[in-house]
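*Asks:* Sharing a structure, written as structure tokens. Questions coming.
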Amino acid sequence: MAVPDPLALSPAPLAAARRPSPHARRLQAIGRFLVVIVLTYLGLLAVTFFIGRVIPVDPVLAMVGDNAPPHVVARVREEMGLNKPVYTQFAIYLRKVLSGDFGTSVLTANPVMQDIRRAFPATMELASLGILFGAGFGVPLGVWAAVRRGTWVDQLVRIIGLVGYSVPIFWLGLMALLVFYARLGWVAGPGRIDVAYEFTLVPVTGFMLLDTAMAGEWEAFGNAFSHLILPAALLGYFSMAYISRMTRSFMLNELAQEYVIAARAKGLSEARIIWRHALRNAMVPLVTVVALSYAGLLEGSVLTETVFAWPGLGVYITNSLQNADMNAVLGGTIVVGSVFIGLNLLSDLLYTLLDPRTRTR
């Protein structure tokens, strides 16, 4: 009788044979990533669709007016597809949204996408400079507070963060305008740019700093930056309070790890331990904090835009909501939701760069 080969019966070669190759695992990861994007975006569209159907505002009456004849109301309702079953309405809604058609704004009589293309760059320019300020100061302050835990430095950083959390942002904006614009004259006032430059500058990208730089209008560039710096610094301070607090928490956790004790025992400098090792590990969760703070500035700067007369997306959505312009409200909501989805996915991708362990999962 032949003796069976023990290697042939061993489960290890069979498990190795069933294990997918690195190329197959990479394709599976990409497939899962795409599935998450599609399902998340479909969920966002489903939520916005049903919100538009359950709110006590008739989009037909908002368009034609309350005194329109019944036959006009019926014709417009049929043209908008609101007389069809809900699943058919949702399919029409998906097709229009995916083609970039959010309908027409009742407030401006323009296509909603056209209004968003005008308003969103203003908000993005404001939020981008704000998050640079918030992360640029918040991360070092959080690291400093963690390293000097329990000292006056730690207490000062925590007080700065507490003020950023507690004081209403619209009050800070009014006080900043009173001090730095009205009294000291260090910055320009409300708006994106002075009227003297507004009608001479041809918008290309919608980003005022970029458009003025591309046109070589450096005087207009300085004026636009003077308008931008104060509201951006205000938003940056608001985000800095949150980022510094989370950085401090992450750094305290990392500084208590065994690898830090081992690095000190090996004689590594304190600066290298803090900035090359502890902060690098803390940056993995901190990426999500910064990304969500940026998304929050993009959708939550309504009060700042109102105080500084900034023609951004927040003011556009608020004005549309006050005037029952649901096409504009839902279109803006979809854009904001898409920003959140995109930044979350971007932070997940950055994980693989900052933490090599995630590449093997």
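*Asks:* Please determine, by comparing only the residues of region 84-120 that are β-branched (Val, Ile, Thr) and in a helix (DSSP H, G or I), which one is surrounded by the most Cβ atoms within 10 Å (Cβ to Cβ).
*Replies:* The residue in question is Val112.
*Asks:* Related question: Looking at this structure, is Val139 outside any helix (DSSP H, G or I) and within 22 Å of Ser239 (Cβ to Cβ)?
*Replies:* Taking the combined requirement at face value, the residue does not satisfy it.
*Asks:* Can you find a residue in region 182-194 that is touching a helix residue (DSSP H, G or I) at 6+ places or on another chain (Cβ under 8 Å) and part of a helix (DSSP H, G or I)?
*Replies:* For region 182-194, residues touching a helix residue (DSSP H, G or I) at 6+ places or on another chain (Cβ under 8 Å) and part of a helix (DSSP H, G or I): absent.
*Asks:* A further question follows. Scan region 320-352 for residues that are within 23 Å of Pro190 (Cβ to Cβ) and in a helix (DSSP H, G or I) and jot them down. Outline the logic, then answer.
*Replies:* Let us first name the residues in region 320-352 that are within 23 Å of Pro190 (Cβ to Cβ), namely 320-323, 328, 332.
Across region 320-352, the qualifying residues are Ser320, Leu321, Gln322, Ala328, Gly332.
*Asks:* Let me ask another. Being of a type in the set (Phe, Trp, Tyr) and within 12 Å of Leu126 (Cα to Cα) is the filter here, so list the residues in region 276-333 that pass it.
*Replies:* Hits for region 276-333 are Tyr294, Phe308, Trp310.
*Asks:* Restricting attention to region 211-232, which residues are surrounded by 15 or more Cβ atoms within 10 Å (Cβ to Cβ), closer than 28 Å to Leu172 by Cα and out of contact with any Phe, Trp or Tyr (no Cβ under 7 Å at 6 or more places or on another chain)?
*Replies:* Correct list: Phe221, Ala224, Phe225, Ser226, His227, Leu228, Ile229.
*Asks:* Now, a different point. Between a first residue in region 278-301 that is over 16 Å from Ala241 (Cα atoms) and a second residue that is of a type in the set (Asp, Glu) and not in a helix (DSSP H, G or I), which pairs have beta carbons less than 7 Å apart while being 6 or more apart in sequence or on different chains?
*Replies:* As it stands, the answer is Val284/Asp355, since those pairs meet every condition given.
*Asks:* Being within 17 Å of Ser301 (Cβ to Cβ) and either exposed (fewer than 15 other Cβ atoms within 10 Å of the Cβ) or touching an Asp or Glu at 6+ places or on another chain (Cβ under 6 Å) (or both): is that true of Phe207 here?
*Replies:* Numbers: within 17 Å of Ser301 (Cβ to Cβ): yes; either exposed (fewer than 15 other Cβ atoms within 10 Å of the Cβ) or touching an Asp or Glu at 6+ places or on another chain (Cβ under 6 Å) (or both): yes.
Spelling it out, Phe207 is indeed within 17 Å of Ser301 (Cβ to Cβ) and either exposed (fewer than 15 other Cβ atoms within 10 Å of the Cβ) or touching an Asp or Glu at 6+ places or on another chain (Cβ under 6 Å) (or both).
*Asks:* With (1) under 25 Å from Leu178 (Cα atoms); (2) crowded, with 17+ Cβ neighbours inside 10 Å as the list, and Ser293 as the residue in question, which single condition is left unmet?
*Replies:* Every listed condition holds for Ser293 apart from (1).
*Asks:* Sticking with this structure for a sec: Looking at Thr318 and the list (1) farther than 30 Å from Leu177 by Cβ; (2) surrounded by fewer than 18 Cβ atoms within 10 Å (Cβ to Cβ); (3) not aliphatic (A, V, I, L, M), which single condition is not satisfied?
*Replies:* For Thr318, the failing item is (1).
FYI, it's all coordinate maths here, none of it is from the lab. Fair warning: this is a prediction, and the values are worked out from it, not measured in the lab. All Cβ positions, even for glycine, are placed from backbone atoms using ideal geometry, and neighbour counts span all protein chains on display.
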